[in-house]
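Here's the structure, in structure tokens; my notes come after.
The values are calculated or read from the model by the stated rules, or taken from the named source; none is laboratory data. The structure displayed is predicted, hence computed values, not measured ones. So basically every Cβ, Gly included, is an ideal-geometry build from the backbone, and we count neighbours across all protein chains shown. Accessible surface is based on the protein model in full, side chains and every heavy atom, while ligands, DNA and RNA are left aside. Shrake-Rupley method; radii C 1.70, N 1.55, O 1.52, S 1.80 Å.
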Amino acid sequence: PSAILAGIAFALALWFWHTPALYAATFRSDAVYWAMHLSLFGTALLFWCSLTDQRAGRLTGLVVGIGTSMQMGFLGAILTFASHPI
């Protein structure tokens, strides 16, 4: 897959699992916990493999990498600076 699609898949998985209800569910169920980790690891692996693929343009990889860093930082900021625990 392209780096752009892999980056989007990783971002969606990351934000999906950090929604309060789903994150809380990982503490109640081993199956949900492992589903979270497997989906995050799988999409992250897909993302990094697409970035290191020689056929992918370097500029595309750089832009997607920066975009991924930014969205992860934004998620971290939301969780850190929330007025109440999310």
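Scanning the stretch 27-86 for residues that are surrounded by fewer than 15 Cβ atoms within 10 Å (Cβ to Cβ), hydroxyl-bearing (Ser, Thr, Tyr) and part of a helix (DSSP H, G or I) yields a total of 4. When residue 51 is tested against (1) within 14 Å of the chain's Cα centre (by Cα); (2) within 15 Å of residue 9 (Cβ to Cβ), exactly one condition is not met: (1).
Beta carbons closer than 7 Å, at least 6 apart along the sequence or on distinct chains, pair a first residue in the stretch 35-61 that is of a type outside the set (A, V, I, L, M, F, W, C) with a second that is surrounded by 16 or more Cβ atoms within 10 Å (Cβ to Cβ) and part of a loop (DSSP other than H, G, I, E, B) for 50/56.
Select from the stretch 1-26 the residues that are within 21 Å of residue 49 (Cβ to Cβ) and part of a loop (DSSP other than H, G, I, E, B) and write down the one among them that is modelled with the lowest pLDDT. Selected residue: 1. Residue 8 meets all of the listed conditions (1) over 12 Å from the mean Cα position of the chain (by Cα); (2) open to solvent by 70 Å² or more (accessible area, probe 1.4 Å); (3) of a type in the set (Val, Ile, Thr) but one, namely (1).
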